[in-house]
Amino acid sequence: MFLRSCIQSFAVIAMDKFGSHVAEAALKALATHLEDDTSRVIVEEILNRICKVIAADATNVMCSCYGSHVLRTLLCLCKGVPFDSLQDFHMTKRSAVLAERLSGGSSRPGDQNLTSFQHGFPDMFKTFVRQMLQNAKNDISTLLTEKNSSLVLQTVLKLSAGDDDELNHIIAVLLGYDEDDTAQKKDYSEQKNKIVALLEDTAYSHLLEVIIDVAPEELRSNMLIGTLKGALFAISSHHCGNYVVQALISSAKTADQMKQIWEELGPNIKELLELGKSGVVASILAACQRLETNRLEISEALSAALTSDSEPSDSIVAHILFLENFLREKSYWKWPLGVKMSVLGCLMLQSIFQYPHQYIRQYVASLLALDNDQILQIAKDPGGSRVLEAFLCSSATTKRKFKVFAKLQGHYGEIAMNPSGSFLVEKCFTASNFSHKEAIVSELLAMQNELSRTRHAIHLLKKLDVDRYSRRPDQWRAAQTSKETTQREFQAEFGLNNSKPVGQSIEELFSPQSPAKKRKQKEKTDKTTTADAGTTKPESFQKNTKGQKSAKAMSEGESSSKKPVSMPFLNDGGKRKSPGFLSDKPIPKKQKHERPSDGRRFVGDGSSVGTPFVRHNVKQKQSIAELAALAGKDKLTAGEVRKLLKPEISAKGA
């Protein structure tokens, strides 16, 4: 009744400094009744009338700093966005966007929207959006560059993600093509100068970022070829436009698209770094790894950009770790003490250490050339510790990784006092041999009192079973020996000797969680309770290596256009790659195994096989992995004892 009485004045209320809070509270109150079927009819009728009133004065409401906020809430309500997810569509967190772009993921924002919005009114949402755009048609150029209206349009695009027809219509209107709703068929070159000029505006550049993120594939490709081709470096050099280029790079779906980008930006890596546009370079590094193309070229270009003929070649890693500091001082730069390492520089090195070893030899050599104090400083830095974790999970040889262990020896307790350092210590423990594992635990035991006072270190102490080592060292050694024996048997049985990264245990290989989720889950557990901190899994960086061709294989650029085969734990077929080989094209084999999500069958050469023998083998793997986990426990339940003594019974029960 309240809303009905003020519907005709709703736009005025929404644009008022104080009335906007009332309007938004009323809309959120309506949202609580969406799940009630008896109330939906009333809610729909009220929302429909409100939408018509707002659409009639769309331009003014969108440009109002108060009305814009209310309008975004109304759009989310019409779409059926859950109450606790409203902020995700109201504002865009730049740090979250950067993390997503550099994580190697290629999923489009909002791909799951159509299935997750269960209590909305999709037809009303589409009608409302079209009415707003139609009524504001004469003011589109203003709406694109006005901060508040740009936020509304960004919300509209995010909520429409996955609906290609609606996106084509919306983007066509925003870019100046609305005659037949077919933006993907238009020639963008005629709008090129206008779009490039508008990219200097912050609001417009943010809007174009979202357009690139959510646009249908054909439309995005046409934008790359028609609108932005030939202007990528100029746009990258701008303080706003460079974010649009980052979005374009991260949204590339094929090696051919990445090659077009590389042709324009590849020769300008040094200039981009000097202009302070290192985010563009970081996006290129991540995209080249994701699409497996131009990795040799980008690694060499980055090395050349950050080193000079007068400097030793082993300074590259130091320069990247302190990227902004180095670019500022250059000729008189020295390794700084007590300075936080570059976030983007550390992200770059994490991407680089995912590359095949033959592409990154100079980076590995540069890291190993650092002295003990410098390696320790890296281990204590939040970003630097992740770089060392990435190195431990890289394709570098075990001998080189043990050189890093040697530089850290004697400081593991000190490193574990830092939240990020505790992950590194755990990774070092997993990647070490038996004697080094005992040395790590001995160091932690010496600082057990100090470590037990921190939330993050409690998990580490429990994970490494430091308490058992202090009370019964022989029992701890027996448990570790048993676990290592089980792992060796597993590797010998299933051919993982050359394919399993040194930094990963069997439990991590079979864990259903991603590394980011493990780290996030552990941090959440640490914050909520200290007692349960030991239940969280460590972060693991899983690296899937690809089979390589012989010395006569084609170059990476030719092979990367083919879709790579992903094999979670059976890689390379036990064969080592030639050190000088620079191709990423997989060897065509008679049979390739891929572990499906249900863990029930292998897929080989496109044929589906589901024989009892294969299922039995998968159960064997699960059983061995479970035994490896049980071997390190101090106390076992009755069910775990039965599983340990009679694993075949457990397998049958599964």
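The values are calculated or read from the model by the stated rules, or taken from the named source; none is laboratory data. As the structure is a computational prediction, the values presented were derived from the model and not from experiment. Note that each Cβ is placed from the backbone with ideal geometry, even for glycine, and that neighbours are counted across all protein chains shown. Only protein heavy atoms, including side chains, enter the accessible area calculation; ligands, DNA and RNA are left aside. Shrake-Rupley method; radii C 1.70, N 1.55, O 1.52, S 1.80 Å.
Numbers for the structure displayed
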{"item": "Cα-based equivalent ellipsoid of region 234-293: semi-axis lengths in Å, sorted from largest, via gyration tensor", "result": "18, 11, 10"}
{"item": "Filter on Lys399/Lys462; Lys253/Lys427; Lys259/Lys427 - keep pairs with C-alpha separation over 30 Å", "result": "Lys253/Lys427; Lys259/Lys427"}
{"item": "DSSP-assigned coil residues among trypsin sites (Lys or Arg not before Pro) in region 1-71, each with at most 16 further Cβ atoms within 10 Å", "result": "Lys17"}
{"item": "Virtual spin-label span in nm between Arg488 and Phe434, 7 Å along Cα→Cβ", "result": "0.7 nm"}
{"item": "Per principal axis, descending, Cα span of region 188-277 in whole Å", "result": "34, 30, 22"}
{"item": "Surface share of carbon and sulfur [accessible, 1.4 angstrom probe, percent] for region 409-489", "result": "48 percent"}
